[in-house]
Structures are given as C-alpha cells and as structure tokens.
Amino acid sequence: MAVLSDPISDFLTRVKNAGNARNEELLAPHSGIKAEIARILQEEGYIWSYEIVGEGVKKAIKVKTRFTQEGKPLITGVKRCSKPGRRQYVRSEEIPNVMNGLGISIVSTSAGLMTGAQARRRKIGGELIALVW
C-alpha cells in the first residue's frame, strides 16, 4: 500500500468516488479527524451514517453514502483547501460561502471541527480544511 501524504484528502476523495461509483458503503482507515469530518457530513445530510469498525491499528471508518431520488450522489465535488505543504487559515469573516449556501466548508477551530456556518455564527476562525458540495 502506498504511503499517503494527505490522508484527509484521501478520505474525502473516497467518499466522493464511492458516490460516483454508486457504492452504498465504503471503508477508509480511521483517524480522529476523519471521524469528525464524517460526523459533520452526517449532520449536514451528505451521508446516511458512519461507524468505526475494528480495533487497534486495524480500525476503519465505514461510511454509508447517500443519493438523491434520481440516484445521483449528494456529494458532487470536494476541494481540499489546507494541505500539508500549505496550510490555509481564515478569520470568521473570511470563511467562504460554498455555492451560495448549497455546500459546506469544514473548519478546524480552537473549539473543534465545525462547518463554516457554525464558525461564522460563533465568530471563530481557524484552518479551512475543505469545501464540500
């Protein structure tokens, strides 16, 4: 297996590709931040559910993807903003509005991972992790 330099981007791409391939479930290696991203995606309605399976170093995140009535995936695009080589930090006023409110931004703040709308309401800035639409 190849060594990944950006596991968060890999996770988001797996979720997007699973939807495009019409797969109802996907497995990805577990980490705390990936579990938090999955929690946000579930709260915002982009995935049905997620669960952590396995134990120890063999832990994985099992995600159930979600589709529209016509069978199209809900996640049509993902953009990783802050990368390992170049971090991107934003103030609360600078958090982008994704597709005029049809998408979400994921921000890592001092109060934990949250959507851009939640961070704007709480007036907290942080690291802009990704945009999902």
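The values are calculated or read from the model by the stated rules, or taken from the named source; none is laboratory data. Note that the coordinates shown come from a computational prediction; the quantities given were computed from them, not determined experimentally. Using ideal geometry, Cβ is built from the backbone for each residue, glycine included, and neighbour counts are taken over all protein chains shown. In case anyone asks, the SASA skips ligands and DNA or RNA and just uses the protein heavy atoms, side chains included. Shrake-Rupley method; radii C 1.70, N 1.55, O 1.52, S 1.80 Å.
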Point to revise | Spacing of the two label points (7 Å from each Cα toward its C-beta) at Glu93 and Asp10, in nm | key: 3.9 nm
Point to revise | Candidates Arg39, Arg86, Arg14: whichever shows maximal mean-square fluctuation once the chain is modelled as a Gaussian network with Cα springs under 10 Å | key: Arg86
Practice item. Taking a cut-off of 22 Å between Cα atoms, list the lysines near Lys64, but don't count ones fewer than 8 places away on the same chain. Key: Lys16, Lys34, Lys72, Lys79
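By accessible area of protein heavy atoms, probe 1.4 Å, what ranking do Met114, Met99 get, highest first?
Met99, Met114
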Review point. What does the highest-first list of 40-46, 103-109 look like by mean Cβ count within 10 Å?
Key: 103-109, 40-46
Practice item. Treating the angle as unsigned and between 0 and 90°, give the value, to the nearest 10°, between the Cα long axis of helix 7-20 and the longest Cα principal axis of the chain. Key: 60 degrees
Study note, to complete from the structure: Given a 1.4 Å probe, the accessible area of the chain per residue, as a whole number of Å², is 59 Å²
**Study point:** Helical contribution to [θ] at 222 nm, DSSP H n ≥ 4, -39,500 (n - 2.57), averaged over the chain, rounded to 500
**Key:** -7500 deg cm²/dmol
Exercise for review: Have a look at region 55-95 and give its Rg and Dmax from the Cα atoms, expressed in angstrom.
Suggested key: 16.5, 41
Check your understanding: Counting Lys +1, Arg +1, Asp -1, Glu -1, what net charge surrounds Val63 among other residues with beta carbon under 15 Å of its beta carbon?
Key -> +2
**Study point:** Solvent exposure ordering (accessible area, 1.4 Å, most first) of Tyr89, Tyr50
**Key:** Tyr89, Tyr50
**Study point:** Pairwise Cα inverse-distance average, inverted: Kirkwood Rh of region 58-133 (Å)
**Key:** 13.6 Å
**Study point:** Principal-axis tilt of helix 32-43 within the chain, Cα atoms, nearest 10 degrees
**Key:** 90 degrees
Review point. Quick one: if you stick a label point 7 Å off each Cα along the C-beta vector at Leu102 and Glu24, how many nm between them?
Key: 2.8 nm
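Ordering Lys34, Lys83, Lys72 by how much accessible area each has at a 1.4 Å probe, largest first, what is the list?
Lys72, Lys83, Lys34
Ignoring any ligand, DNA or RNA, what whole percent of the accessible area of the chain comes from carbon and sulfur when the probe is 1.4 angstrom?
Of all accessible area on the chain, carbon and sulfur atoms account for 48 percent.
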Check your understanding: What length, rounded to one decimal in nm, is gained on full extension from Lys123 through to Ala111, with 0.36 nm per residue of separation minus their alpha-carbon distance?
Key -> 3.2 nm
Study note, to complete from the structure: Measure of exposure for Trp133: accessible area at 1.4 Å probe, Å² rounded to 10, is 80 Å²
